[in-house]
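This report concerns only the one structure given below.
The values are calculated or read from the model by the stated rules, or taken from the named source; none is laboratory data. The shown structure was predicted, so the numbers you read here are calculated from the model rather than taken from an experiment. Every residue, glycine as well, gets a Cβ built from its backbone with ideal geometry; the counts of neighbours run over all protein chains shown. In case anyone asks, the SASA skips ligands and DNA or RNA and just uses the protein heavy atoms, side chains included. Shrake-Rupley method; radii C 1.70, N 1.55, O 1.52, S 1.80 Å.
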There are 2 protein chains.
Amino acid sequence: MKKTESHLIFGGCQQVWQHHSNTLDCLIAFSAFIPSKAETEPCPVLYFLSGLTCNEQNFTTKSGFQRYAEELGIIVIAPDTSPRGENIADDPNYDLGQGAGFYLNATEEPWMKNFKMYDYITNELRQIVKENFNTNGKQGIFGHSMGGLGALVLALRNPDIYQSVSAFSPILTPSIVTWGEKAFTAYLGNNKDDWKQYDPMQLILSGKVANEILIDQGLADPFYPAQLKPEMFADACKKMGINTTIRYQDNYDHSYYFIATFIEDHIKFHAKNLSK
Amino acid sequence: MKKTESHLIFGGCQQVWQHHSNTLDCLIAFSAFIPSKAETEPCPVLYFLSGLTCNEQNFTTKSGFQRYAEELGIIVIAPDTSPRGENIADDPNYDLGQGAGFYLNATEEPWMKNFKMYDYITNELRQIVKENFNTNGKQGIFGHSMGGLGALVLALRNPDIYQSVSAFSPILTPSIVTWGEKAFTAYLGNNKDDWKQYDPMQLILSGKVANEILIDQGLADPFYPAQLKPEMFADACKKMGINTTIRYQDNYDHSYYFIATFIEDHIKFHAKNLSK
């Protein structure tokens, strides 16, 4: 594992690491913010999963999360959104292939060899983080858009791993919106039963639970409501008794400017849940 | 003038504008943060000048300044760092040509037709800002690296325009460091007397004044001290009786992570000076 960047920010250390992933069978990068508190005591870990087209840099350079993660003593890990490389399958469109891993394990060709972001994040990356940083065993996860989908899917299916989950503008019903239908057909095939394990609303309806879910959705988001359907998700959560707070933010869009505005609230939400 | 981006952030509006500059004879972009306060009353304007390789996006997306500019009611303008375009002179190296305008008026070929960033910012852009936004006549300026040089040069030569000036890791003695020698030779020619009007330390020694100067310099900056010589500038300021605070920040480097950490202090410094 090679450290490719290291910068002091707000008193903590923002690093970028590159390693060969056995799960993905390629080189992959992730960013790691290490608060100064971790020099002397173990800290909780919070994973951020980014959206379509992003890599490990977008959230790291644009959201301003470090101020709050340093204040609250949280290690923050932001992985890339897919396997990458010249020999890795890809698609000319932004919403499939490299930069669009959808945090699942692909079962269809040509994707199944490398596109295993679900296993990479829940297993391999988690072990790497545990072995290399001063962690206390508490873990939370959040994300944006496709990464909001990933955060909810990983948390709902692995409550033993993730004690806290939130999302910005998440894809909540991938099985019935064009982004999800396209990606799931390509990665998982035509059997829609196989899609349910990667669909946050379907997971809720199947009985999966989370203690508490926080979601922010901008009302000037160009992908709302065509791709993003928080109302349907809220109905499913209500039906199943899941404590979900969805905040609709007037005039905010889908950008990192939106994330930057509300990142403090999300970091504090996770700090509270991870201190339990 | 065309608005190419508009995003709500922290309650204010982050815009990007594109226009044809008569001074530069090309299309150029600048970003404009408009605090919500400007909807009801005129606000001061703060210009941020970026460093080598940057355009209007770097500071805007990475520094997190908007939180503080919204709190304090300041319009913040971040222009590109040079004229740009296929028909504009350029150089294959990062430290000359497009992305490296050095905030001067070039007098040498092939640069003199378009490379007039000094006139563009002090005159044309200033008029555009005055005509299009709700300004109160108070103006400050700050910048990073090459842009810290630009901010100091513009402020020291135009105290009637700029009431406040600060810088992150500025090039303070361009006439005697390799970045400056290369750029000034190309843009201004070999007569070093012509360089003095764009050299912050020489301007101080020639008797130019500013009420108060704030500078932050990271001690893990890879360009310190070879390109960045705050100690020499401090000596010149002391000799000439200029009130200059230079803060040396342990372990911080030259990146926007450094700027993000201390941007709150700079915005507050300018808010204080612009409220006088």
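Residues considered: B:115, B:102. Of these, the only one that is more than 14 Å from chain A (Cβ to nearest Cβ), at positive phi and buried (at least 20 other Cβ atoms within 10 Å of the Cβ) is B:102. A count restricted to the range B:236-257 and to residues that are surrounded by 14 or more Cβ atoms within 10 Å (Cβ to Cβ) and more than 14 Å from chain A (Cβ to nearest Cβ) stands at 6. Exactly one residue out of B:150, B:180, B:218 is touching an Asp or Glu at 6+ places or on another chain (Cβ under 6 Å) and under 25 Å from residue B:96 (Cβ atoms), and it is B:218. The set of residues in the range A:16-25 being crowded, with 18+ Cβ neighbours inside 10 Å and assigned to a strand (DSSP E or B) consists of A:16, A:17, A:21. Which of the residues that make up the range A:65-112 are assigned to a strand (DSSP E or B) and not hydrophobic (A, V, I, L, M, F, W, C)? Result: A:79, A:97, A:105.
In the range B:28-67, the qualifying residues are those that are in contact with a strand residue (DSSP E or B) (Cβ under 7 Å, 6 or more places away or on another chain) and among the charged types (D, E, K, R), and the one that is surrounded by the most Cβ atoms within 10 Å (Cβ to Cβ) is B:56. With respect to (1) closer than 24 Å to residue B:111 by Cβ; (2) in contact with a strand residue (DSSP E or B) (Cβ under 7 Å, 6 or more places away or on another chain), the lone exception for residue B:25 is condition (2).
A Cβ distance below 6 Å, combined with a sequence gap of six or more or placement on separate chains, defines the contacts here; from the range A:150-169, residues that are within 14 Å of residue A:243 (Cβ to Cβ) reach residues that are surrounded by 24 or more Cβ atoms within 10 Å (Cβ to Cβ) and among the hydroxyl-bearing types (Ser, Thr, Tyr) in the pairs A:155/A:162. A single entry from B:24, B:46 fulfils the requirement of being touching a Pro at 6+ places or on another chain (Cβ under 7 Å) and of a type outside the set (Val, Ile, Thr): B:24.
Residues in the range A:3-56 that are among the acidic types (Asp, Glu) and within 14 Å of another protein chain (Cβ to nearest Cβ): A:5, A:39.
Here is a check on your reading of the model: is residue B:118 touching a Phe, Trp or Tyr at 6+ places or on another chain (Cβ under 9 Å), among the hydroxyl-bearing types (Ser, Thr, Tyr) and part of a helix (DSSP H, G or I)? It is true that residue B:118 is touching a Phe, Trp or Tyr at 6+ places or on another chain (Cβ under 9 Å), among the hydroxyl-bearing types (Ser, Thr, Tyr) and part of a helix (DSSP H, G or I). Suppose the filter is within 14 Å of chain A (Cβ to nearest Cβ) and surrounded by fewer than 22 Cβ atoms within 10 Å (Cβ to Cβ); does residue B:264 pass it? Against the criterion (within 14 Å of chain A (Cβ to nearest Cβ) and surrounded by fewer than 22 Cβ atoms within 10 Å (Cβ to Cβ)), residue B:264 qualifies. Kindly indicate whether residue B:70 is touching a residue at least 60 places away in the same chain (Cβ under 8 Å), acidic (Asp, Glu) and within 14 Å of another protein chain (Cβ to nearest Cβ). Here the answer is yes, as residue B:70 does meet what is asked.
Could you please find all residues in the range B:207-230 being of a type in the set (Gly, Ala, Ser), closer than 22 Å to residue B:263 by Cβ and open to solvent by 10 Å² or more (accessible area, probe 1.4 Å)? Matches in the range B:207-230: B:210, B:220.
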